[in-house]
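Laboratory data are not the source of any read-out in this text; all were calculated from the coordinates shown. All of these numbers come straight from a predicted model, not from anything done at the bench. Cβ placement follows ideal geometry from the backbone for every residue including glycine, while neighbour counts extend to all protein chains displayed.
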Amino acid sequence: MKKIYQSHKWKRHSQRRSEREHKRDVYRHWLRIYYRQENIGQSHEHYPSSSRRHKDVDLLVPTIFSVIKNPEETLALFMDFNHAASRRENIHFDMSSVSEITPDAILYMLSRFRYFERSGKRLSVSGNIPRDPLCATILVTSGFLKHVSYPNKGSIPKDLNVLDVVSGRKVLPDIAQKFVSFARDRLPVAKDTSRSIYKTVIECMANTRDHAYPRPGGDWWLMASYRKDTRTVHFTFVDNGMTIPATVRKKIAEVVSSIATALVPISSGTRESDLINSALLGKYRTRTGLSYRGKGLPSIYAQSRNRRIKNLTIVSSHGYIDVEANIVKDLQQKFQGTLLSWDFV
């Protein structure tokens with residue numbers, strides 16, 4: 001009797017198994033070549049999703065962590081974050097060397113987290129607290145930890161001079177009134193100034209609603225703090241919707257489409273900061289005819305001119321405007337959304 005491994009059936013089985021293994025090896029070989037070619041120039045290997053190895057990316061936060069005071073370095077950090085998040089890598093923010101931090105950077109970080117969360121990408125993000133005691137206090141009391149996966153949210157200290165971060169997607173009158181009360185409790189605010197604060201916050205929310213992308217954009221972030229040294233209440237607003245330059249270009253297209261002989265004084269080479277400036281001056285309105293459309297930014301700008309608002313700074317896309325310092329410039333790095341920062345006096 002023949003041994004089983006010498007039988008015809010066993011030889012056929014062994015041959016088929018060998019052919020399957022050979023095909024699988026060839027398939028894996030071409031997958032490796034394909035992923036290597038698709039990601040040429042990158043410093044790490046990529047594999048099919050079933051066996052992809054995630055890389056840990058350490059992002060060193062600039063010493064001055066501020067979009068307003070240090071825009072290029074801060075926005076370059078978030079550009080690196082965007083790339084790493086798109087590749088679904090494990091991201092760690094190293095904030096240990098931060099010596100100055102401003103609310104706009106805190107809100108922008110939360111805004112980018114929310115953007116990728118709504119886009120369906122599962123992020124693995126971690127970080128540390130600045131070693132500088134003042135920076136650590138600003139970060140913690142801002143309410144930042146309440147919006148991230150921090151295990152002991154009940155133990156977060158509270159600062160009565162900080163109205164911590166709130167976020168939404170709609171116009172929320174109750175939230176706007178809350179910020180009015182915060183300012184009125186700390187400043188000798190007249191009734192007309194209270195109305196200005198309320199109107200400004202509402203218009204910021206409305207601009208997000210009117211001009212934001214449906215998804216994953218369309219969220220706004222807002223916080224306020226009382227500054228004892230200057231006796232002002234500082235407001236910071238960030239949204240991750242359509243940028244001001246993109247909105248202005250859209251409005252121009254509406255004008256051109258409705259007026260055949262329109263001569264629009266703008267070209268593709270126009271600076272984005274100039275487009276923001278045109279929006280402040282109310283040069284371009286939409287064809288809807290609705291009273292609130294296109295009036296939010298001119299209203300805010302008017303309040304800065306009559307000194308109800310000080311230190312108004314606007315950053316959107318590549319455009320940067322500091323109204324009080326008369327700075328109108330374009331940045332190399334891009335801000336994804338719109339930032340408004342101002343003081344009520």
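Going by how many other beta carbons lie within 10 Å of each one, how would you line up Tyr115, Tyr198, fewest first? Working shown, then result.
Working: Tyr115 21, Tyr198 16.
Final ranking by Cβ density, sparse to dense: Tyr198, Tyr115.
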Sum of side-chain charges, Leu339 neighbourhood, beta-carbon under 9 Å (Lys, Arg +1; Asp, Glu -1)
-2
Filter the cross-link list Lys283/Lys310; Lys121/Lys158; Lys158/Lys329; Lys170/Lys310; Lys310/Lys334; Lys170/Lys334 down to pairs whose alpha-carbon distance in this structure exceeds 29 Å.
Lys121/Lys158; Lys158/Lys329
Taking 8 Å as the Cα distance limit and 6 or more residues as the minimum spacing, I'd like the relative contact order of region 55-159 as a percentage.
28
